[in-house]
Amino acid sequence: MAEIHLKSLAHSYSKSPSGPDDYAIRQLDHVWQKGGAYALLGPSGCGKSTMLNIISGLVQPSEGEVLFDGKRVNALSPRDRNIAQVFQFPVIYDSMTVYQNLAFPLKNNKVPAARIKERVQEIAEVLEIEDKLHKKAKNLTADEKQKVSMGRGLVREDVSAILFDEPLTVIDPQLKWKLRRKLKQIHEQFDITMVYVTHDQLEASTFADKIAVMYDGQIVQFGTPTELFEQPNHTFVGYFIGSPGMNLIDVERCASGVRFGSTDVALEGWRLEQLNRLESTHLKIGIRPEFIKLSHKPEVNSYEAKVLDMEDLGTYKIIDVDLDSQALKVRVDEDFNAEVGSHVHLTLPPEWTMLYVDEFLMQEQA
């Protein structure tokens, strides 16, 4: 396993890039620590697969360096980088048995036959396919084939890292959770550097200790699932993480903080102080539906809002409200009832009301 450092990295598929919009990956610096379980999360087209292919050597970056344990590997082939990569669709030999598929990478590396047998059996047991070892791969189900494809990456003991590029796309939804947990267990058992690419925040949170969120060719936040949820560093992270995502409102300055329409939102002292030192007028506030307080009666610093819609999701409800022509979503307990068209009172707790300047979170300075 290895520490992977992407240094001043950028990539464009254009031969003559003329600006940031021509780059699939804009210049970034990022480190995947040795032995970590990571997810690379973002929407289609944000640069996730490009970054993974640059790490593995399938794509040469336009700019910057790829370092494994401090050694520059830009000129090395995928084989010489010693990377195992598991793709969206299973990459296996249908004419071979499961055993032969799993043994193939080890035979190529001239591992002794006794050790091959031992290692294949070990990985097959971990993936729960030991009863399939002597079946032809062509006779397997889609999820069994993907398990074999994963096993081909896991079977090697000398890999620098294992890269997973949306490996559960073809898997039945009922089996996805089980396989995600299985990968997590494998990481804990073998202590391998793993990077898991996905557009699914649940997959990322289930598998990874830390998640890198990509947007428009950049990593806009790298943190734990809790950090991404409670302190999204970019408006996109707030929007993309959570179900539903963060409420975001364009605002302008006022004496006590910020304002939208005729509604003033007071800011905590340090936020107001820092805001007064900035010139930008591109301001937004963000608050998650879970952190808005809703009541039927006025409370201190509450605002009156109109109920637009209510969705009952069994254990909780999502209520859409109109606050001064701004549509907000609020998550409430299942026993909270409100008629569409009625008025309720909502409170925006200052500690959960984030202020974004030029799309990035204003951070308290030490």
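Could you please let me know if Leu272 is modelled with pLDDT under 95 and aliphatic (A, V, I, L, M)?
Working: modelled with pLDDT under 95: yes; aliphatic (A, V, I, L, M): yes.
Answer is yes for this residue.
Applying the criterion of at least 1 residues that are among the hydroxyl-bearing types (Ser, Thr, Tyr) and under 27 Å from Asp29 (Cα atoms) to the strands (runs of 3 or more DSSP E) found wholly in region 152-245 leaves 194-198, 210-215. Could you check, for region 275-294, whether at least one of its residues is buried (at least 19 other Cβ atoms within 10 Å of the Cβ), modelled with pLDDT of 95 or more and among the basic types (Lys, Arg)? Taking every residue of region 275-294 in turn, at least one turns out to be buried (at least 19 other Cβ atoms within 10 Å of the Cβ), modelled with pLDDT of 95 or more and among the basic types (Lys, Arg). Residues in region 244-303 that are hydroxyl-bearing (Ser, Thr, Tyr) and touching a strand residue (DSSP E or B) at 6+ places or on another chain (Cβ under 6 Å) were compared, and the one that is nearest to Phe336 (Cα to Cα) is Ser295.
Every residue, every condition in (1) more than 28 Å from the chain's Cα centre (by Cα); (2) assigned to a strand (DSSP E or B); (3) at pLDDT 95 or above, yes or no:
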| residue | (1), (2), (3) |
| --- | --- |
| Asp80 | yes, no, no |
| Phe89 | no, no, no |
| Tyr93 | yes, no, no |
| Gln100 | yes, no, yes |
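To keep it simple, each residue is scored yes or no on (1) at pLDDT below 85; (2) among the charged types (D, E, K, R).
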{"position": "Leu140", "(1), (2)": "no, no"}
{"position": "Lys145", "(1), (2)": "no, yes"}
{"position": "Ser149", "(1), (2)": "no, no"}
{"position": "Arg152", "(1), (2)": "no, yes"}
{"position": "Ile162", "(1), (2)": "no, no"}
{"position": "Glu166", "(1), (2)": "no, yes"}
{"position": "Leu175", "(1), (2)": "yes, no"}
{"position": "Arg181", "(1), (2)": "yes, yes"}
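Scanning region 121-137 for residues that are under 30 Å from Ala24 (Cβ atoms) and either surrounded by 19 or more Cβ atoms within 10 Å (Cβ to Cβ) or modelled with pLDDT under 95 (or both) turns up nothing. Do we find that Asp29 is exposed (fewer than 15 other Cβ atoms within 10 Å of the Cβ), assigned by TED's automatic domain parsing to the domain that holds Asp131 and within 28 Å of Leu228 (Cβ to Cβ) in this structure? Yes: the conditions hold for Asp29. Within region 5-38, the set of residues being more than 18 Å from the chain's Cα centre (by Cα), assigned to a strand (DSSP E or B) and more than 18 Å from Val220 (Cβ to Cβ) comprises His5, Lys7.
Kindly indicate whether Arg152 is touching a Leu at 6+ places or on another chain (Cβ under 8 Å) and touching a residue at least 40 places away in the same chain (Cβ under 8 Å). It is true that Arg152 is touching a Leu at 6+ places or on another chain (Cβ under 8 Å) and touching a residue at least 40 places away in the same chain (Cβ under 8 Å). Here Leu313 meets each of (1) free of Cβ contacts under 8 Å to residues at least 24 places away in the same chain; (2) more than 17 Å from Leu348 (Cβ to Cβ); (3) surrounded by fewer than 18 Cβ atoms within 10 Å (Cβ to Cβ); (4) over 25 Å from the mean Cα position of the chain (by Cα) with one exception, condition (4).
What strands (runs of 3 or more DSSP E), lying completely within region 320-366, carry at least 1 residues that are loosely packed, with under 15 Cβ neighbours inside 10 Å?
Details: elements: 326-333, 343-347, 354-357.
Fully inside region 320-366 and qualifying: 326-333, 343-347.
Pairs are defined by a Cβ separation below 8 Å, a sequence spacing of at least 6 or placement on different chains, a first member in region 284-295 that is in the same structural domain as Cys254 (by TED's automatic domain parsing) and in contact (Cβ under 8 Å) with a residue 12 or more places away in the chain, and a second member that is acidic (Asp, Glu) and assigned to a strand (DSSP E or B); the pairs so defined are Lys284/Asp250.
As for region 90-110, it holds at least one residue that is touching a Ser or Thr at 6+ places or on another chain (Cβ under 8 Å) and within 30 Å of Lys7 (Cβ to Cβ). Among residues that are of a type in the set (A, V, I, L, M), in contact with a helix residue (DSSP H, G or I) (Cβ under 9 Å, 6 or more places away or on another chain), under 22 Å from Ala208 (Cα atoms) and surrounded by 14 or more Cβ atoms within 10 Å (Cβ to Cβ), Ala161 is included.
Taking region 155-178 on its own, how many of its residues are of a type in the set (Asp, Glu) and free of Cβ contacts under 8 Å to residues at least 60 places away in the same chain?
Residues that pass the stated criteria total 2.
Scanning region 182-233 for residues that are among the charged types (D, E, K, R) and surrounded by 22 or more Cβ atoms within 10 Å (Cβ to Cβ) returns a single hit, Glu203.
Run down Leu106, Leu52 and say which single residue is assigned to a helix (DSSP H, G or I), free of Cβ contacts under 8 Å to residues at least 60 places away in the same chain and under 20 Å from Leu154 (Cα atoms).
Values: Leu52 fails: free of Cβ contacts under 8 Å to residues at least 60 places away in the same chain.
Every option except Leu106 fails the conditions.
The values are calculated or read from the model by the stated rules, or taken from the named source; none is laboratory data. None of these values were measured; they are calculated from a predicted model. Cβ atoms come from the backbone with ideal geometry, glycine included; neighbour counts cover every protein chain shown.
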